[in-house]
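The values are calculated or read from the model by the stated rules, or taken from the named source; none is laboratory data. None of these values were measured; they are calculated from a predicted model. Note that we place each Cβ from the backbone using ideal geometry, even for glycine, and neighbour counts take in every protein chain shown. For the accessible areas, the whole protein counts, side chains as well, though only heavy atoms, and no ligand, DNA or RNA atoms are used. Shrake-Rupley method; radii C 1.70, N 1.55, O 1.52, S 1.80 Å.
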Amino acid sequence: MTIERGDIELAGVCKSFDGVTNVVDGVNLKIADGAYCCFIGPSGCGKTTILRMIAGHEDPTAGEIVIGGQNVVGLAPVQRRTAMMFQSYALFPHLTVRDNIAFALRVRGLSKADRLRAADAMIEKVRLTSFADRLPAQLSGGQQQRVALARAAITEPRVLLLDEPLSALDEQLRVQMRQELRRMQQELGITFIHVTHTQLEAIALADLVVVMEQGRIKQAGRARDVYAHPHDRYVAEFMGGQNVLSGRVEKVNGASFVLAQAAPGGIEVPLQARAKISVGDTVDIAVRRDDVTLVRPGQALPAGCSTSLPSRVLAIEYQGYFVKVMLDAVPDDEFVAYVPEKTFFADPLNVGDVVLATWTTDRARPLA
Amino acid sequence: MQSSQTPPRANLAGWLCVSPLVAVLVPFFVAPILVVLAASFFATDGFGGLTPGFTLSNYIEVLHSALTLKLYLATIKFTVLTWIFTLIIGFFVAYFLVFHVRNQLLAIGLFLLCTVPFWTSNIIRMISWIPLLGKEGLINQALLATGAIHQPLEVLLFSDLAVVIAYVHQLTIFMIVPIFNSMARIDKKLIEAAIDAGASRFDIMRLIVVPMSKSGIALGTIFVVSIVMGDFFVVKVMSGGGSASVVSAFYEDVGVLQYPTAAASAVLLTLVLVAVVSLILRTVDIRQEITR
């Protein structure tokens, strides 16, 4: 069987259910063949609607959906050669694992022997051989998920669409099934599109992370780009791991600018090529929480640090390999330092202690 | 296992909970059945007087009569025909309401429309067939007017056809309700998943909807079968006295004071019905419908 290309292009895709508000609002995106793409965003941001439009369970109000060079708008899922794995799996409760997996082959008119052979091969691939004759209700959540995956994959689709596939599982199983999804994707070599609202899931799995808000794409890129270099405040806050600070630009000097702060000296931020920043603008900047170093007052700042924010420790949470220290460094925004466990316990802080929060100047980034 | 650990107080509460049902069922269901059962073994003086005792002669008489077999065949014919038509109509009405009417308010409205025949009494409903199916009824007039026939069709009213029409009209709702109920529980995502797998509408109906509505179909079947087999009124009125059913026969027996034979027929019919119902329950796990 020839494997068709499974690259996807969304061009100006809009969807409105009531004719007034666009749930999906002019989405443009290219997904490479064989990529693992994660759509991430809060509930109601339109990510599932996009998935359903790619799957053919919903028609876009405007725009084109191109799979493998062919505009698929108006085509049935089978003609698109896509397959969907539904949230909470939608397994047929009256059919056994084997019959669930063979269902698509059955309606394609394959002979019983052929479809059972194919189903058994797939059952082996997802390691459910000893459960083949059970009903879905007799399986655990993780097993049901594997059945759903196998049922979707058996038609050899060029695109597999997964709607919050891990949300029904408990934490430990989720991490395990996450790896399994990635393994299956690599084994099948097809495009996976995965909708989630869990940041960790997205960055752990995806080649392409797409962050959405209110029907629009906020940022799309490699996991590391999106996490480490969020484009704006929304993405930075949604992906987490960043302190977002806001302030008025006090002065711009060559390669950096200074944000006015209550603390003397303000916050120095390196200028980036694309950024047009002038004195008086209000600018958001981001500093990674694990880039923040805490120094007791009176101690010397580490080399390369030009900014220090005097602050009081509000709360301390032990997280295992690091300690989360919440500070009142800036008036309106949350400010958190992730201190490595060993560093923290070398000189443990207490709630109420006064410290200087500092970071290497080039770790601060202006946001759009 | 669990009941042995249940404290007596909880046991008492359980009994109290079922006591209203018991209070209704024992005097109005169990007792009459026992009376009929006892009467079926009594002898009679032929004038309505019963002689307590134990004789099988009533049963022998009923089972030896050629009429009994004929009556059962007639009743089974009505039952099967009614069942087939109510099933087909009921299934598709429920299917339409559940899967094609998107607006839930509209679905409920249409559902209520199905109950319109019940807004009037059975007798009125039956009489109202006359202007439609009668010799000078609407259908005959229309057919005569179009020239399709030259003589009014006699078969429309006071015939087996009329009996089946009346039953279907009266009993389809008993199919619609349970089938609607089990269909409404089918997760719409399953239908989508089937579409995703490439299933046609017919495949979805055959492989998903019908198997998942089985318990509703079984419940509806029990309603329809037990009502038709236990009825004599519709047969009597709609056939114009030309056809009979098992019940109409022992109704006649009662009319001529042959209580023991009537009782024996009734017991026999009850056994047949119990057998039919248990056969249905054996094929379909109806508990699923009740406990879900």
- Query: Among the listed residues A:Ile285, A:Ile316, which satisfies the condition of being within 25 Å of the chain's Cα centre (by Cα), surrounded by 15 or more Cβ atoms within 10 Å (Cβ to Cβ) and part of a strand (DSSP E or B)?
  - Reply: A:Ile285
- Query: Inside the range A:69-86, can you point out the residues that are out of contact with any helix residue (DSSP H, G or I) (no Cβ under 8 Å at 6 or more places or on another chain), of a type in the set (S, T, N, Q) and within 12 Å of chain B (Cβ to nearest Cβ)?
  - Reply: A:Gln79
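Residues are listed down the side, and each one gets a yes or a no for (1) aromatic (Phe, Trp, Tyr); (2) more than 14 Å from chain A (Cβ to nearest Cβ); (3) open to solvent by less than 20 Å² (accessible area, probe 1.4 Å); (4) out of contact with any Gly (no Cβ under 8 Å at 6 or more places or on another chain):
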site: B:Leu171; (1), (2), (3), (4): no, yes, yes, yes
site: B:Phe223; (1), (2), (3), (4): yes, yes, no, yes
site: B:Gly230; (1), (2), (3), (4): no, yes, no, yes
site: B:Ala262; (1), (2), (3), (4): no, yes, yes, yes
- Query: Within the range B:51-75, restricting attention to residues that are within 13 Å of B:Ser243 (Cβ to Cβ) and free of Cβ contacts under 8 Å to residues at least 60 places away in the same chain, which residue is least open to solvent (accessible area, probe 1.4 Å)?
  - Reply: B:Leu73
- Item | Set A:Gly304, A:Gly280, A:Gly320: member being modelled with pLDDT of 90 or more, on the phi > 0 side of the Ramachandran plot and not polar (S, T, N, Q) | A:Gly320
- In the range A:289-303, which residues are open to solvent by 50 Å² or more (accessible area, probe 1.4 Å) and of a type outside the set (Ser, Thr, Tyr)? A:Asp290, A:Arg296, A:Pro297, A:Gly298, A:Gln299, A:Ala300, A:Leu301, A:Pro302, A:Ala303
- Message: Tally up the residues in the range A:137-167 that are open to solvent by less than 20 Å² (accessible area, probe 1.4 Å) and assigned to a helix (DSSP H, G or I), please.
- Response: 8
- Message: So, B:Ile149, is that one more than 29 Å from the chain's Cα centre (by Cα), within 14 Å of chain A (Cβ to nearest Cβ) and among the β-branched types (Val, Ile, Thr) or not?
- Response: no
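Quick grid of which residues meet (1) part of a loop (DSSP other than H, G, I, E, B); (2) modelled with pLDDT of 95 or more; (3) over 27 Å from B:Ala199 (Cα atoms):
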site	(1), (2), (3)
A:Val20	yes, no, yes
A:Asp25	no, no, yes
A:Gly34	yes, no, no
A:Phe39	no, yes, yes
A:Pro42	yes, no, yes
A:Cys45	yes, no, yes
A:Asp59	yes, no, no
A:Met85	no, no, no
A:Pro93	yes, no, no
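Mind checking which residues of the range A:71-83 are open to solvent by 10 Å² or more (accessible area, probe 1.4 Å), of a type in the set (A, V, I, L, M) and not in a loop (DSSP other than H, G, I, E, B)?
Initially, the range A:71-83 is screened for residues open to solvent by 10 Å² or more (accessible area, probe 1.4 Å), giving A:71, A:73-76, A:78-79, A:81.
Now drop any that are not of a type in the set (A, V, I, L, M), which leaves A:73, A:75-76, A:78.
Within the range A:71-83, A:Val78 is the sole residue that qualifies.
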- Item | Which listed residue is away from chain B (no Cβ under 14 Å), open to solvent by 10 Å² or more (accessible area, probe 1.4 Å) and either among the aromatic types (Phe, Trp, Tyr) or not in a loop (DSSP other than H, G, I, E, B) (or both), from A:Arg106, A:Arg134, A:Arg98 | A:Arg98
- Note on the structure: Residue count, the range A:304-313, condition open to solvent by 30 Å² or more (accessible area, probe 1.4 Å) and among the β-branched types (Val, Ile, Thr), comes to 0
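Scan A:Val355, A:Val292 and give me the residue that is farther than 26 Å from A:Gln219 by Cβ and either charged (D, E, K, R) or in contact with a Leu (Cβ under 9 Å, 6 or more places away or on another chain) (or both).
Details: A:Val292 fails: farther than 26 Å from A:Gln219 by Cβ.
One residue alone meets the criteria, A:Val355.
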- Going through (1) closer than 19 Å to A:Val244 by Cα; (2) within 24 Å of the chain's Cα centre (by Cα) one by one, A:Val325 fails only at (2)
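Only residues that are in contact (Cβ under 8 Å) with a residue 40 or more places away in the chain and farther than 25 Å from A:Met239 by Cβ: list them for the range A:282-298, please. Outline the logic, then answer.
First, pick out the residues of the range A:282-298 that are in contact (Cβ under 8 Å) with a residue 40 or more places away in the chain: A:283-297.
Matches in the range A:282-298: A:Val295, A:Arg296, A:Pro297.
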- Query: Given (1) surrounded by fewer than 20 Cβ atoms within 10 Å (Cβ to Cβ); (2) hydrophobic (A, V, I, L, M, F, W, C); (3) in contact (Cβ under 8 Å) with a residue 12 or more places away in the chain; (4) away from chain A (no Cβ under 14 Å), where does B:Ala162 come up short, assuming only one miss?
  - Reply: (1)
- Message: So the check is Cβ under 6 Å with 6+ separation or different chains; which pairs have a first residue in the range A:344-367 that's among the hydrophobic types (A, V, I, L, M, F, W, C) and a second one that's part of a helix (DSSP H, G or I) and open to solvent by 20 Å² or more (accessible area, probe 1.4 Å)?
- Response: A:Trp359/A:Asp291; A:Leu367/A:Arg233
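Of the residues B:Ile191, B:Ile176, which is open to solvent by less than 40 Å² (accessible area, probe 1.4 Å) and within 14 Å of chain A (Cβ to nearest Cβ)?
Numbers: B:Ile176 fails: within 14 Å of chain A (Cβ to nearest Cβ).
That would be B:Ile191, the only listed residue that is open to solvent by less than 40 Å² (accessible area, probe 1.4 Å) and within 14 Å of chain A (Cβ to nearest Cβ).
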- In this structure, does A:Val66 turn out to be over 21 Å from the mean Cα position of the chain (by Cα), open to solvent by less than 60 Å² (accessible area, probe 1.4 Å) and either away from chain B (no Cβ under 14 Å) or at pLDDT 95 or above (or both)? yes
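Taking A:Glu317 as the residue in question, decide whether it is touching a Gly at 6+ places or on another chain (Cβ under 9 Å) and of a type in the set (Asp, Glu). First the steps, then the outcome.
Details: touching a Gly at 6+ places or on another chain (Cβ under 9 Å): no; of a type in the set (Asp, Glu): yes.
For A:Glu317, the condition - touching a Gly at 6+ places or on another chain (Cβ under 9 Å) and of a type in the set (Asp, Glu) - is not met.
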